[in-house]
Amino acid sequence: MVVKLRRPILVGGLGLSFSLWMLQNLHDSMVQVSEFGILSLLAIGGGLWLLKLNRTQDSSELLNGTPVDRATVEGTIAKAEAVVNQLAQEVEDHQALATLREQVTQLLIELDRQKMIASVTGGKSVGKTTLIKVLEQNLETGNFASLQFQETSPLFVEADETSDANVLAKANKSDIVLFLTNGDLTDSEFQTLQKFKAANQNTILVFNKQDQYLPDERVSILQSLKQRMSSIVVATAASPSPIKVRKHKEDGAVQEWMEQLAPDIQQLTQQLGEMLTQQGQQLVWSTTMRKALLLKAEAKNLLNGTRRDRAVPVIEQYQWIAAAAAFANPVPALDILATAAINAQMVMDLGGIYQQKFSLEQAQTVAGTMGSLMLKLGLVELSSKAIGTVLKSNAVTFVAGGLVQGVSAAYLTRIAGLSLVEYFQQQEIAINSGTALNLDKLKQTLQNVFQQNQQIGLLQGFVKQGVKRLLPEAQQPQLMESRTVA
Ligand SMILES: Nc1nc2c(ncn2[C@@H]2O[C@H](COP(=O)(O)OP(=O)(O)OP(=O)(O)O)[C@@H](O)[C@H]2O)c(=O)[nH]1
Ligand SMILES: [Mg+2]
């Protein structure tokens, strides 16, 4: 718990004076518009750089479109199991452990699963039930004996998107998805198909009820579907409407009757047949892979949750240490913030919680790196100005010397701590995984966390807490009273 203070560091100007000027001038109205974060103001004032965060998703594990082999799936199951074991080690009696372990066992069994499942999905009344019925009548023999169809509830019917998300999640646990549409794709249909693709789900896009179109229309719709989607596209008529048949007799009379046509699902059965013979085993492995990744993510989430519960009190402890030091020490704000706020010991403690062991020397480097990043990004300058503004807007007529510094140091410690937590959370779960920091990622995380914590409401709450900590009791009533007025 060493609080290190160094000599002033020169701050590179970021040209944010205009933003800050706006901040000063708008602070009265800002108090009312709590949803309007300081950041939005900064953006207006030329701080747009802060918003240009390219969120690179870690997609390396999605295996988009690549076939998976058994070894890869087994490797992924092993990784999921390792995360579960780590959770067991850190929280012996975690209530989810039994279920997670059971799921790991299930996945290993699933690798050799013979029965395959196809989900039949799409919007309301597109013909899911009808198609399944026809398919089942046609597919009782041969290859298809191993294939089972399950209908999902219709997509796109309710306003709330959670039900669609549930349908998608369930469909992704099957080996094949038959996605039905009755014509050109709507936007939501297109989005959903993209999601299946992103999840590496084997999908056949089925243009059903093609009998409702004229022959040349059918061709052009099918063509346009094929152009938009890289997946397999087939046209079907699971239950064509009856057509009127007219017969001219020799005596000149005309006879008319309605004739029921046979279902047309030939393109689909052919595609399904090819898929099953060519990639049967593959399909099962892909599904198992998706499930293993889900399980791993779930276990990692639980692990991160428990770790975070332990990390936050640690951050709070260091944030008040930093606050007290900065409050008591009459050095320039920027200097003290950059040096005292990010304590190497905090880096070590947090690293310990996340199984990223640092030596003191490494932790000092991390702390120093974060400090200079925060300076370079202008976070130090922005925070102290913003905190000063909040203090004034609370009508604290007497701002005790060092108060802004103290609260700012606490605030920056918090940002640094939460950023580290966020950063560690994104790392692969492994014991003693390397301590080499990915600077770009750390920088991005700092910006994200700073952004999340810059909401006026949050900042005000924090300032209040800081003042309570730093000011002697006698001076506090004044603040509390004036706050009720404001
Ligand atoms: N013309 C025509 N009608 C069809 C075709 N396939 C299904 N239908 C009709 O479309 C209607 C809806 O069919 P369902 O199979 O119930 O559709 P669904 O997708 O299961 O409907 P929900 O489960 O309610 O979302 C029924 O009246 C079917 O007869 C087709 O290829 N052509
Ligand atoms: Mg149905």
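The values are calculated or read from the model by the stated rules, or taken from the named source; none is laboratory data. From a predicted model like this one, the values you see are computed outputs, not experimental measurements. Neighbour counts run over all protein chains shown; Cβ positions are idealised from the backbone, glycine included.
Is it the case that some residue within the stretch 147-161 is away from ligand 2 (no atom under 15 Å from the Cβ), surrounded by 20 or more Cβ atoms within 10 Å (Cβ to Cβ) and touching a residue at least 60 places away in the same chain (Cβ under 8 Å)?
Pass one, the stretch 147-161, residues away from ligand 2 (no atom under 15 Å from the Cβ): 147-148, 158-161.
This time we only want the ones that are surrounded by 20 or more Cβ atoms within 10 Å (Cβ to Cβ), so: 147.
Still in the list and also touching a residue at least 60 places away in the same chain (Cβ under 8 Å): 147.
Within the stretch 147-161, one or more residues are away from ligand 2 (no atom under 15 Å from the Cβ), surrounded by 20 or more Cβ atoms within 10 Å (Cβ to Cβ) and touching a residue at least 60 places away in the same chain (Cβ under 8 Å).
Give me the pairs, please: first residue somewhere in the stretch 182-208 and at positive phi, second residue anywhere and charged (D, E, K, R) and buried (at least 23 other Cβ atoms within 10 Å of the Cβ), beta-carbon distance under 6 Å, and either six or more positions apart or on two chains.
Between residues of the stretch 182-208 that are at positive phi and residues that are charged (D, E, K, R) and buried (at least 23 other Cβ atoms within 10 Å of the Cβ), there is no close pair.
Condition (residue is modelled with pLDDT under 95 and either part of a strand (DSSP E or B) or among the basic types (Lys, Arg) (or both)) applied to the stretch 163-171: is it met by at least one residue?
yes
With the requirement that a residue be in contact (Cβ under 8 Å) with a residue 60 or more places away in the chain and more than 18 Å from the chain's Cα centre (by Cα), what does the stretch 282-311 give you?
Matches in the stretch 282-311: 282, 283, 284, 285, 286, 287, 288, 289, 306, 307, 311.
All but one of (1) farther than 30 Å from residue 457 by Cβ; (2) at pLDDT 85 or above hold for residue 354; state the number of the condition that does not hold.
Among (1) farther than 30 Å from residue 457 by Cβ; (2) at pLDDT 85 or above, residue 354 violates only (1).
Listed here are the residues, each with its yes/no results for (1) modelled with pLDDT of 95 or more; (2) touching a Leu at 6+ places or on another chain (Cβ under 7 Å); (3) part of a helix (DSSP H, G or I).
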position: 94; (1), (2), (3): no, yes, no
position: 109; (1), (2), (3): yes, no, yes
position: 122; (1), (2), (3): yes, yes, no
position: 137; (1), (2), (3): no, no, yes
position: 148; (1), (2), (3): no, no, no
position: 174; (1), (2), (3): yes, no, no
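Would you check which residues across the stretch 118-146 are within 13 Å of ligand 2 (Cβ to nearest atom) and at positive phi and list them?
Of everything in the stretch 118-146, those that are within 13 Å of ligand 2 (Cβ to nearest atom) and at positive phi turn out to be 122, 125, 127.
So which residues in the stretch 236-267 are more than 14 Å from ligand 1 (Cβ to nearest atom) and of a type in the set (A, V, I, L, M, F, W, C), if there are any at all?
Once the filter is applied, which keeps residues that are more than 14 Å from ligand 1 (Cβ to nearest atom) and of a type in the set (A, V, I, L, M, F, W, C), the stretch 236-267 yields 245, 253, 254, 257.
If we keep just the residues of the stretch 91-119 that are farther than 25 Å from residue 73 by Cβ and more than 26 Å from the chain's Cα centre (by Cα), which is farthest from ligand 1 (Cβ to nearest atom)?
That would be 92.
Which of the residues spanning the stretch 236-262 are within 14 Å of residue 130 (Cα to Cα) and more than 16 Å from ligand 2 (Cβ to nearest atom)?
Of everything in the stretch 236-262, those that are within 14 Å of residue 130 (Cα to Cα) and more than 16 Å from ligand 2 (Cβ to nearest atom) turn out to be 237, 240, 241, 262.
Limited to the stretch 233-244, what total is found for residues that are in contact with a strand residue (DSSP E or B) (Cβ under 9 Å, 6 or more places away or on another chain) and modelled with pLDDT of 90 or more?
8
For residues in the stretch 67-80 being under 21 Å from residue 172 (Cβ atoms) and over 22 Å from the mean Cα position of the chain (by Cα), which is modelled with the lowest pLDDT?
Among those that are under 21 Å from residue 172 (Cβ atoms) and over 22 Å from the mean Cα position of the chain (by Cα), it is 67.
With (1) within 30 Å of residue 113 (Cβ to Cβ); (2) within 16 Å of ligand 2 (Cβ to nearest atom) as the list, and residue 192 as the residue in question, which single condition is left unmet?
Result: residue 192 passes all but (2).
Which residue out of 81, 136 is more than 16 Å from ligand 1 (Cβ to nearest atom) and acidic (Asp, Glu)?
Just a single option satisfies the conditions, and that option is 81.
I'd like the full set of residues that are touching a Ser or Thr at 6+ places or on another chain (Cβ under 7 Å) and either aromatic (Phe, Trp, Tyr) or not in a helix (DSSP H, G or I) (or both), limited to the stretch 80-92.
91 - this is the single residue of the stretch 80-92 that is touching a Ser or Thr at 6+ places or on another chain (Cβ under 7 Å) and either aromatic (Phe, Trp, Tyr) or not in a helix (DSSP H, G or I) (or both).
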